[in-house]
Amino acid sequence: MTDRTEGGMTFLGHIEELRRLVIISLSVLIVGMIGAFYLYEAAVALLSRPFASLPKIAGGEDLYVTSILEGFVVKIKLSFFLGLILTFPIHVYLILRFLFPALKFKEKRIILYTLASSFVLIIISIYYSYGTILPLSVKFLTGKGFLPQNVGVLLGYGGNIFFVMQFILIALVLFQFPIVLELLMVMNVMKRATMLKWSRYIVIAICVVAAVITPPDPISMVSIAVPLIAMFYLTLVIAKIFKFGE
């Protein structure tokens, strides 16, 4: 139990270090949540912006609460998620600080490359989903094709705020698809030639997943599926250039 590992630390020492980092991580998250309370108004304004173009009913507000507790519950949940987002880089740093001493140089390089690529795709997915797909989806789903002319739009506060967050989160996760493929080829779990051979079925799978987890409108499905398909083939090209999955 007290044998020293390659890094010179005992097993119990690793457990103690892990416990210390978990405490730091939770403390940082709490501080982030407190800070998020002060950003709450700005966050709600940002998340409700996709609904700003909808026709206003009497009162002129975009969203409405339907229960006394709704505002409180939304603020607590939103502060937690905002705190997690704001402190996420620190959590990643703490994880790497724990893992890096046990990793080889090549493994460290792969992780850093993956994190950098993942960060770029996160920025792209947030900008694309929030700035392009969401406004089109909201306009389509609340358009005349679904709502008669004499029917107004009265949107609930909490449900639609979290609808926007969920939509962005789905896009964020799906846009990590190229990273997963790249790692599979780097680790020789899957060959590039095999992926190319099965590309037709992978494209179909992408379309099915996009149709299932996006809002029930063709605009959202196509807007998510097309970039994913393009990134799939781009990943294969990059793999060929750098000879991954040979």
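In 10 Å bins starting at zero, report the fraction of Cα pairs in the chain per bin as a rounded %.
All Cα pairs, binned at 10 Å, distribute as 6, 22, 26, 23, 15, 5, 1, 0 percent.
Tell me which residues come under 5 Å, amide H to amide H, from Thr10 once H is placed; ignore anything under 5 positions away on its chain.
Placed amide hydrogens put Thr5 under 5 Å from Thr10.
Measure nothing but the geometry: give the 0 to 90° angle between the long axis through the Cα atoms of 105-128 and the longest principal axis through the Cα atoms of the chain, rounded to 10°.
Value to nearest ten degrees: 10.
Once the principal axes of the Cα atoms of region 177-246 are found, what is the range along each, listed largest first in whole angstroms?
That works out to 39, 17, 16 Å along the principal axes.
Pick from Pro215, Pro148, Pro89 the residue whose mean-square fluctuation is largest in a GNM of the chain, springs joining Cα atoms under 10 Å.
Evaluated over the chain, the most mobile residue of the options is Pro148.
Eight or more residues apart or on different chains, and alpha-carbon atoms under 28 Å: count the Lys pairs in the chain matching that.
Lysine pairs, 8 or more places apart or on different chains, close enough: 19.
Would you pull out the residues with amide H under 5 Å of Leu63's amide H, same chain only if 5 or more places away, H placed 1.01 Å from N?
none
So how tilted is helix 70-99 from the main axis of the chain? Cα-based, degrees 0 to 90, rounded to 10.
20 degrees
Got a sec to turn the phi values of region 21-30 into Karplus ³J(HN,Hα) couplings, 6.51 cos²θ - 1.76 cosθ + 1.60 with θ = phi - 60°, whole Hz, x for Gly and Pro?
Rounded to whole hertz, the list is 5, 5, 4, 4, 4, 5, 5, 5, 4, 5.
The numbers here are math on the coordinates, done by the rules we state, and not lab data. Note that this is a predicted model, so its numbers are computed, not measured.
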